[in-house]
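*Asks:* This structure is in structure tokens; I'll ask about it shortly.
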Amino acid sequence: MWAGAWRAAVTTHGVAVYGQPVFAGVYLSGDFDGLGMHATGADVVTSLCLVQLIVAVGVWVRLRRAWPFLVTLALAAAETVQYFAGTAGALWLHIPLGVFTVAAATLLFAAAWLRPLVRREAADA
């Protein structure tokens, strides 16, 4: 159950993260509605990352795997900084951090689907 919830959370978050550069591109190509879509997308991405963080806590508690929580916590911190950099207009930080976020979400997606989450036994911990 937790492995499936983990994969669902990572996949949903990843899809939302991939939408952000598209919305930014719409805005940069001259359609000013793209900025509103990008701002709404930022709210969605941040919310989905928090959901993923909650699921990662469940994975840690129930399956005794800490890496999903630690990686998601780092990603949530990066997304929070990126969110506030974007609202402040600090594009010198917002754009490179956006590239990092997309890369990190991609790697996390690959890890979630290629690395099985099985319960670690007490002897292994």
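The values are calculated or read from the model by the stated rules, or taken from the named source; none is laboratory data. Computed from a prediction, not measured in an experiment: that's the story for all the values here. Cβ placement follows ideal geometry from the backbone for every residue including glycine, while neighbour counts extend to all protein chains displayed. Note: accessible area is taken over every heavy atom of the protein model, side chains too, but ligands, DNA and RNA are not part of it. Shrake-Rupley method; radii C 1.70, N 1.55, O 1.52, S 1.80 Å.
*Asks:* Which sequence of H13, H38 reflects their accessible areas, 1.4 Å probe, from the largest down?
*Replies:* Correct descending sequence by accessible area is H38, H13.
*Asks:* Return one number: the angle in degrees, 0 to 90 and rounded to the nearest 10, between the long axis of the Cα atoms of helix 33-63 and the longest principal axis of the Cα atoms of the chain.
*Replies:* Long axis of 33-63 versus the principal axis of the chain: about 10 degrees.
*Asks:* Of the heavy-atom accessible surface of the range 2-118 (probe 1.4 angstrom), what whole percent is carbon and sulfur?
*Replies:* Carbon and sulfur: 77 percent of the exposed surface of the range 2-118.
*Asks:* Say the dipole of the chain comes from +1 at the beta carbon of Lys and Arg and -1 at that of Asp and Glu; which of V57, F100, G14 then lies farthest toward its positive end?
*Replies:* V57
*Asks:* Given the whole protein assembly as supplied and a 1.4 Å probe, what does the accessible area of F100 come to in Å², nearest 10?
*Replies:* F100 has an accessible surface of roughly 110 Å² with all protein chains in place.
*Asks:* Springs between alpha-carbon pairs under 10 angstrom, Gaussian network model over the chain: which of A78, A105, A88 fluctuates most?
*Replies:* Most flexible of the set in this elastic network: A88.
*Asks:* At q = 0.16, 0.21, 0.28, 0.30 Å⁻¹, what base-10 log of I(q)/I(0) does the Debye formula yield for the range 69-121 when every alpha carbon is treated as an equal point scatterer in vacuo?
*Replies:* With one equal scatterer per Cα and no solvent, log10 I(q)/I(0) is -0.54, -0.76, -1.05, -1.12.
*Asks:* Under 10 Å, Cα contacts only: if you run a Gaussian network model on the chain, which one of Y83, Y27, Y18 comes out with the highest mean-square fluctuation?
*Replies:* Looking only at Y83, Y27, Y18, the largest GNM fluctuation is found for Y27.
*Asks:* Using a 1.4 angstrom probe on the protein heavy atoms only, line up T46, T80 by accessible area, largest first.
*Replies:* So the residues, ranked largest to smallest area, are T80, T46.
*Asks:* Let me spell out the model: positive unit charges on the Cβ of Lys and Arg, negative unit charges on the Cβ of Asp and Glu, origin at the Cα centre of the chain. What dipole size does that give, in debye rounded to 20?
*Replies:* 640
*Asks:* Also, I was wondering about something else. Quick one: Karplus J couplings for the range 78-92, per residue in order, coefficients 6.51, -1.76, 1.60, θ = phi - 60°, nearest Hz, x for Gly and Pro?
*Replies:* The phi angles translate into 4, 5, 5, 4, 5, 4, 6, 5, x, 5, 7, x, 7, 5, 4 Hz.
*Asks:* Oh, and also: Taking only the Cα atoms of the chain, how large is their convex hull per residue, in Å³?
*Replies:* Looking at the chain, the number lands at 90 Å³ per residue.
*Asks:* Continuing with this model, one more query. Let me have the relative contact order for the range 2-118, percent, based on Cα pairs under 8 Å that are six or more residues apart.
*Replies:* 33
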